[in-house]
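One structure below.
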Amino acid sequence: MAFSLKDFITGLFPGKTLPGGSVVGIDIGASAIKLVQLRKQGGRAILETYGEIALGPYSGTELGRATNLPPEKIVEALRDLLREANVTTKDVGIAIPLASSLTSLIELPDLGDKRMAEMIPIEARRYIPVAISEVTLDWWVIPKEDEMYASPGDRPKPKEAIQGRGEEKPIKKVKVLLVAILNDALAKNKKIVTDLDLKNPLYEIELFSTARASLDQGIEPVMIFDMGAGSTKLYLVEHGIIKDSHIINRGSQDITLSLSESLRIPVEKAEEMKRTVGLSTDPLYRQVNDSISLTLDYVFSEANQMLLSYEKKYNRSISKVLLCGGGAVMRGFAEAAKVHFQSEVIPADPFGKTIAPAFLSPTLKQVGPEFAVAVGIALRKLMNDNK
């Protein structure tokens, strides 16, 4: 098992010297599994293959529905996908769902690495709603450069009395990114790896994989909007640091179910209509547009609340919104997002960080937002294999 935040920031923006041979990055989502196989050549990440398989048929439900499959069924589906996508490596990176983890940006006294290692497991109890024995912990001290971008006066500087005198001096503090992953989630993925005879597994929370594949270098605040089948994940990133994350318990399957109910059509037909019609401006599909908008309005409203909270706390506005996930590729989605966020909205282009045949470029740009997690974990695995 490999799980570390220590080199996350250096891995967030891979340069021209990606090490390693062929690797496969796997994103086990609620409604589908996606994978991407990359290899290093001439210091660049070369796309060798990619693929996706729906999980609905493995659970006896329709395409596009969120599932909660046991490891045995995940193994069955993933084995099929590895074969169909002609994956040729067993060197694997697997993304851990955000719902199986917790991240917090906390502030602690700067007492050195040794004291910090003793303090954090104790401090973590304040932020983790389960027993510490049920999670795997890691942390990373935010570089001092990040403090340059914190607005003055965010909070008063704490002070301590100097013994024997009435003077006071500020206590030096550092910001720490605290991460916890449920042991059950790690155990489930370890079983999948073992059953499929995969090698050298690296595990990483999906938000880091998504950020790595979606972001370019820059210090401007960005929101990553990732709509999956069962939920929508929001990440606020500034200067390469995940400042906040949030899960909205509505996703693209809610759009499908709403269409099915309002139009009185089977779920399969509603899923097809969501993909082919989407937010069409054609008056013929006004009812479709209205039904989809009901779900999206709620999700966009929740996302805007998160943005307002961020802007109030840090006194800064986001520079753009990056769209990821299967829901984000729906026709008219980006245009609707621009109206709600009043900001630049761009579909993520994770395959843009790889080299692929030119004829595939239009397809990869279209499906790219769905593969952000798989590309991100594959890039991380390429870098990890040189250590």
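None of the figures in this text is laboratory data; all of them are computed from the coordinates on show. Predicted model only: the values in this text are computed from it and were never measured. Note that we place each Cβ from the backbone using ideal geometry, even for glycine, and neighbour counts take in every protein chain shown.
Between Leu308 and Arg264, residue separation times 0.36 nm minus the direct Cα-Cα distance comes to 12.1 nm. Antiparallel beta bridges, as assigned by DSSP with both residues in the chain, represent about 75 percent of the total such bridges. Summing Cβ point charges (Lys, Arg +1; Asp, Glu -1) relative to the Cα centre of the range 224-297 gives a dipole of roughly 60 debye. Each residue, Asn200 and Leu105, gets one label point 7 Å from its Cα in the Cβ direction; the gap between the two is 3.3 nm.
The Cβ shell under 14 Å around Ser260 holds other residues with a net charge of -1, Lys and Arg each +1, Asp and Glu each -1.
Using 0.36 nm per residue and subtracting the Cα-Cα separation, the extra length available between Arg125 and Glu72 on full extension is 15.8 nm.
If you run the Gaussian network model on the chain, springs between alpha carbon atoms under 10 Å, then out of Val36, Val23, Val87 the most flexible one is Val87. Please state, as a whole number in µm²/s, the translational diffusion coefficient that the Stokes-Einstein equation yields for the range 272-376 at 4 °C and 1.567 mPa s, with Rh defined as the Kirkwood radius across alpha carbon pairs. So the translational diffusion coefficient is about 85 µm²/s. Ordered by the number of other Cβ atoms lying within 10 Å of each residue's own Cβ, fewest first, Ile219, Ile33, Ile26, Ile53 fall into the sequence Ile219, Ile53, Ile33, Ile26. Here the dipole of the chain is about 740 debye; that uses its Cα centre as origin and unit charges on the Cβ of Lys and Arg (positive) and Asp and Glu (negative). The Rg/Rh ratio of the range 47-134, with both radii computed over alpha carbons and Rh defined as the Kirkwood radius, is 1.16. When the Cα atoms of the range 232-283 are aligned to their principal axes, the ranges along those axes come out at 45, 23, 15 Å in descending order. Taking only Cα atoms, what is the 0 to 90° angle, nearest 10, from helix 286-314's long axis to the longest principal axis of the chain? For 286-314 against the chain, the angle is about 10 degrees. Helix 252-263 and the long axis of the chain differ in direction by around 40°, with both axes built from C-alpha atoms. Calculated from the structure at hand, semi-axes √(5λ) of the Cα gyration tensor in Å is found among [x] 32, 26, 23; [y] 32, 28, 17; [z] 36, 27, 20 as [z].
Taking every Cα-Cα distance in the range 185-313 and sorting them into 5 Å bins starting at zero, the pair-distance distribution P(r) comes out as 2, 9, 15, 14, 14, 13, 14, 11, 6, 2, 0 percent.
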